[in-house]
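Peer 1: Got a structure for you, questions after.
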Amino acid sequence: MAQLLEGARKLGWVLLNAFLRFIFVFINNCVAIPSYCLYCILLQPLRIMDSRYFWLIEGIMFKWMLAMVSLWGWVAGYTVMEWGDDVRPLSEEEAMVIVNHQATGDVCTLMMCLQDKGTVVRKMMWLMDHVFKYTNFGLVSLIHGDFFIRQGKAYRDKQLIYLKDHLDRYYRSRDRKWIVLFPEGGFLRKRRETSQAFAKKNSLPPLTHVTLPRLGATQVILKTLGPQQENGSLGKEASTVHPSQSGSKPKGLQWVVDVTIAYPKARPMDIQTWIFGYRPPTVTHVHYRVYPIKEVPVETKPLTDWLYQRFVEKEDLLAHFYKTGAFPPPKGQKEAVSRAMTLDPVRLCLIQSLAFASGYLWYSVLQYFYYCLF
C-alpha cells in the first residue's frame, strides 16, 4: 500500500510539474513571439534606410528567442557535453553544418549548445521541414529567413531550385555565416528501414544509428555559397588554416562542421520532452569535426562518396558511444576529452524578464489604442 501511495505521489508530482511547465511555455510563446514580430514591423523604416542594422537587431532578438527554448531544457536539467573539435574560433567564419537527425529535440539541442558560440546563432540560417512553417515558431523563422523544404520525390527538383533562389536572395544580404541542414532528410526511426534496403541493393555499408544522407540540398549549398570551384573541388580561396591563425577572411563557405548528436541509451529527445520536462535530467552529447571546404568535392559522384563517408564515420562514433558512454579519441590521442557546455543563468533570466516586460509594454500600448478607438 505504501508503495502504491509513493508511486501515486511521484506520478502526481510529474503531472503537476508538466502542467506548470506547459503553462509557462504557453505564456512565454504568447509574449515573446508577438513581441518579436511587432518589433520587426516597427523597425521596417530602419530596414529601408540601412538593412545591416535592421538584421543586426533582428539577429540579437532571434538569439534571445532561441535562448528561451534553451531555458526550457536547462530548467529541467537537460544539458550538453561537447566532444571533438572546438568550433568557437569559427564563429565569424562561414560554415555549412551537417547534423544527424533522430527527433525534434535535435533542433533544441543545437539551439542550446550554440548559444555560447559568439554570433553564430543570430547569423545562422536553418533548413527545416516545411511542417515547421505552421508551428508557433514558424513566423519567427520566416522573418529570420530560414528555408522550409518539402520532402518527397514529387517536390525534390523544384525544392532545390527554390533553395538556390532563397540562398541567392537572403544569405548574403542578411549577413548569414552558418547554414544548418540535416542531410538524412528525416528522422532516424522513419528512414532507417528504407536506408538499409537501399544500402543492401547498392552494396553500401549497412547503417543502424544513422541513415544514408541525401545529396541535393548539400550540393546546392556548396555550389551557391562556396568559393570559386577548381578541378571539381571548392577553390583556392577556401582556407585550410584555422581561423585563429588566419589574418584574412576569404569569401564564401570556408568550413564544413560535422555534428553528431548522441543521446544516452540511444533514446532521442523530442520537443514535447523539452516542453513538459517529464524525463529525468539528461546529458546529451555532441561531437564536432571540422573540415576545410577545400577538401570537399562538389561534383555529384565524389560528393556522394564524401558525404556517405561522413555518415559511416558518424555510425562508428555512435556505436562507440553507445558501447562505452564516450566518443572515441581523435587519431594520435589516447583519450577523448569532453567539455561541459554551460549557460549563464543570469543572462537567461534577464532575457526572460525582458520578454515579459516587452509583452506587458505591448499589451499596455494595444489596450490604450483599443480604449481610444472604442
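Peer 1: If r is the Cβ-Cβ distance from Leu139 to Asp270 and R0 is 22 Å, what FRET efficiency results, to the nearest 0.05?
Peer 2: Computed FRET efficiency for Leu139 and Asp270 comes out at 0.50.
Peer 1: What nm value, rounded to one decimal, do you get for the distance between Ser338 and Asn17 when each label is placed 7 Å out toward the C-beta?
Peer 2: Result for the modelled spin labels: 2.1 nm.
Peer 1: When you count, for each residue, the other Cβ atoms within 10 Å and take the mean per peptide, how do 168-180, 83-95 rank with the highest first?
Peer 2: 83-95, 168-180
Peer 1: Compute the accessible area per residue over region 307-374, keeping the other protein chains in place, probe 1.4 Å, unit Å².
Peer 2: 69 Å²
Peer 1: Now a separate question. Using all Cα-Cα distances in the chain, what percent lands in each 10 angstrom bin from 0 up to the longest?
Peer 2: The distribution over the chain is 5, 21, 32, 26, 12, 4, 1, 0, given as percents.
Peer 1: From the square roots a ≥ b ≥ c of the eigenvalues of the alpha-carbon gyration tensor of region 31-190, which class results: rounded (a/c under 1.5), prolate (a/b over b/c), or oblate?
Peer 2: rounded
Peer 1: Continuing with the same structure: Would you mind working out the magnitude of the charge dipole of the chain relative to its Cα centre, with +1 at each Lys and Arg C-beta and -1 at each Asp and Glu C-beta, to the nearest 20 Debye?
Peer 2: 580 debye
Peer 1: Taking a quarter of the surface of the convex hull around the Cα atoms of region 267-363, what do you get in nm²?
Peer 2: Average projection, Cα convex hull of region 267-363: 11.5 nm².
Peer 1: Ranked highest first by the average count of other Cβ atoms within 10 Å around their residues, in what order do 20-26, 145-151 fall?
Peer 2: 145-151, 20-26
Peer 1: Still on this structure, I have one more. Determine Rg/Rh for region 94-139; Rg is computed over alpha-carbon atoms and Rh is the Kirkwood hydrodynamic estimate from the same atoms.
Peer 2: Across region 94-139, the Cα-based Rg/Rh ratio is 0.95.
Peer 1: A 23 angstrom limit on the alpha carbon distance is what I want to check against. Which of Lys177/Lys331; Lys123/Lys223; Lys158/Lys201; Lys153/Lys251; Lys63/Lys223 exceed it?
Peer 2: From Lys177/Lys331; Lys123/Lys223; Lys158/Lys201; Lys153/Lys251; Lys63/Lys223, over 23 Å: Lys177/Lys331; Lys158/Lys201; Lys153/Lys251; Lys63/Lys223.
Peer 1: Once a ≥ b ≥ c are taken as the square roots of the eigenvalues of the Cα gyration tensor of region 28-82, is the result rounded (a/c under 1.5), prolate (a/b larger than b/c) or oblate (a/b not larger than b/c)?
Peer 2: oblate
Peer 1: From the C-alpha coordinates alone, can you work out the Kirkwood hydrodynamic radius of region 106-228, in Å?
Peer 2: Evaluated on region 106-228, it is 15.9 Å.
Peer 1: Additional query: Net charge near Arg52: determine it from the other residues with C-beta under 10 Å of the C-beta of Arg52, scoring Lys and Arg +1 and Asp and Glu -1.
Peer 2: Charge balance in the 10 Å sphere: 0.
Peer 1: Continuing with this model, one more query. Taking every DSSP beta bridge that has both residues in the chain, what percent is antiparallel when rounded to the nearest 5?
Peer 2: Antiparallel bridges: around 40 percent, rounded to the nearest 5.
Peer 1: Give the long-range amide H neighbours of Asp129: residues separated by 5 or more places, or on another chain, with amide H under 5 Å away, using H modelled in the peptide plane at 1.01 Å from N.
Peer 2: Answer set, sorted by chain and number: Ile149.
Peer 1: Please report, as a whole percent, how much of the solvent-accessible surface of the chain comes from carbon and sulfur atoms (probe radius 1.4 Å).
Peer 2: 62 percent
Peer 1: So, one more: With unit charges on the beta carbons (Lys and Arg positive, Asp and Glu negative) and the dipole taken about the Cα centre of region 18-137, which residue among Ile33, Val69, Trp55 sits farthest to the positive side?
Peer 2: Comparing the listed Cα positions along the dipole, Ile33 ranks first.
Peer 1: Using all alpha carbons of region 118-167, what is the percent of pairwise distances in each 5 Å bin, ordered from the shortest bin to the longest?
Peer 2: Cα pair-distance distribution for region 118-167, in percent: 5, 20, 27, 23, 17, 7, 2, 1.
Peer 1: For a paramagnetic label modelled at 7 Å from the Cα of Asp165 toward its Cβ, which residues of region 171-206 fall within the zone defined by backbone nitrogen distances under 19 Å?
Peer 2: Residues 171-174 qualify, since their backbone N sits under 19 Å from the label point.
Peer 1: Tell me which of Tyr134, Gly84, Pro292 sits at the most positive position along the dipole axis of the chain, charges placed on C-beta atoms (Lys, Arg +1; Asp, Glu -1).
Peer 2: Sorting the options by dipole projection puts first Tyr134.
Peer 1: Sticking with this one: Would you please give the FRET efficiency between Phe26 and Leu373, computed as 1/(1 + (r/R0)^6) with r the Cβ-Cβ distance and R0 = 22 Å, to the nearest 0.05?
Peer 2: Between Phe26 and Leu373 the formula returns 0.20.
Peer 1: Would region 1-99 count as rounded, prolate or oblate if I go by the C-alpha gyration tensor, calling it rounded below 1.5 in a/c and otherwise prolate when a/b exceeds b/c, oblate otherwise?
Peer 2: Because a/c hits 1.5 or more and a/b fails to exceed b/c, region 1-99 counts as oblate.
Peer 1: With n ≥ 4 as the cut-off for DSSP H runs, can you work out [θ] at 222 nm for the chain, using -39500 (n - 2.57) per run divided by the number of residues, rounded to the nearest 500?
Peer 2: -16500 deg cm²/dmol
Peer 1: Would you compute, for the Cα atoms of region 167-206, the largest minus smallest coordinate along each principal axis and list the three values in descending order, in whole Å?
Peer 2: Largest first, region 167-206 extends 44, 20, 14 Å along its Cα principal axes.
Peer 1: Using the heavy atoms of the protein chains alone and a 1.4 angstrom probe, what is the accessible area of region 114-239 per residue in square angstrom?
Peer 2: Each residue of region 114-239 exposes 50 Å² on average to a 1.4 Å probe.
Peer 1: Which listed residue (Gln272, Ala199, Pro227) has the Cα farthest towards the positive end of the charge dipole for the chain, taking +1 on Lys and Arg C-beta and -1 on Asp and Glu C-beta about the Cα centre?
Peer 2: Among Gln272, Ala199, Pro227, the one farthest towards the positive end of the dipole of the chain is Ala199.
Peer 1: Name all residues of region 120-143 having a backbone nitrogen under 12 Å from the label point set 7 Å from the Cα of Gln151 along its Cα→Cβ direction, giving them as ranges.
Peer 2: 128-132
Peer 1: Another question about this same structure. Quick check on packing: order 152-165, 310-323 by the mean number of other C-beta atoms within 10 Å, highest mean leading.
Peer 2: Result, highest mean first: 310-323, 152-165.
The values are calculated or read from the model by the stated rules, or taken from the named source; none is laboratory data. Small disclaimer: the values here were computed from a predicted structure and weren't measured. Here Cβ is always computed from backbone atoms with ideal geometry, including for glycine, and neighbour counts include all displayed protein chains. The accessibility values were calculated without ligands, DNA or RNA, using every heavy atom of the protein model including side chains. Shrake-Rupley method; radii C 1.70, N 1.55, O 1.52, S 1.80 Å.
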